[in-house]
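A short worksheet on the structure shown next.
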Amino acid sequence: MNDITTQEDIAVLVHSFYATVREDQLIGPVFENIVKGNWEPHLEKMCSFWGTVLLNEKGYQGSPFNAHKPLPLTTAHFERWIALFHQTIDQNFEGPTALDAKNRATQMGLIFQYKLGLKN
């Protein structure tokens, strides 16, 4: 397996991850309630986000936390999101950037939970 090094790799990560998310009984409905069947804009935004985070590309603009603030999320939602994200990485990539992606996703999940008052 290869590491995450290109925008094409980011697209594999994002599209594979959200294909799994759509099937998930816990977090799938949360996403579907927001995208309402129109996944393409969300996938494009996530490709831009992860390209900026992992490859230092300058495409993403926005505030990820603000998008999550109004959602009815629990610790279980974040734990599932992190687990599925790690699973997707492990199935498709290995290397320093793949490990960085897992670490950053875990940290984002924890920070969001603290900001939402789900963790002390």
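A few points about this structure:
- Alpha-carbon Rg/Rh ratio, for the stretch 1-68, with Rh computed the Kirkwood way: 0.98
- Accessible area per residue, Å², the chain with all protein chains present, probe 1.4 Å: 57 Å²
- Among the lysines of the chain, pairs that are 8 or more positions apart or on different chains and have alpha carbons within less than 19 Å of each other number 7.
- Across the chain, the mean sequence separation of Cα contacts (distance under 8 Å, 6 or more residues apart), normalised by length, yields a relative contact order of 37 percent.
- Percent accessible area from carbon and sulfur atoms, the chain, protein chains only, probe 1.4 Å: 52 percent
- Across ASP24, ASP100, the residue with the most accessible area heads the list, and the full order at a 1.4 Å probe is ASP100, ASP24.
- For the chain, a simple Cβ point-charge model (Lys and Arg +1, Asp and Glu -1, everything else neutral) yields a dipole of about 620 debye relative to the Cα centre.
- For the chain, the direction-averaged projected area of the alpha-carbon convex hull comes to 7.0 nm².
- Positive minus negative residues near ARG22 (Lys, Arg vs Asp, Glu; Cβ under 15 Å): -2
The values are calculated or read from the model by the stated rules, or taken from the named source; none is laboratory data. These numbers were taken from a predicted model, which means no experiment stands behind them. Please note: Cβ atoms are built from the backbone with ideal geometry, for glycine as well, and neighbour counts cover all protein chains shown. Side chains included, ligands, DNA and RNA excluded: accessible areas come from the protein's heavy atoms. Shrake-Rupley method; radii C 1.70, N 1.55, O 1.52, S 1.80 Å.
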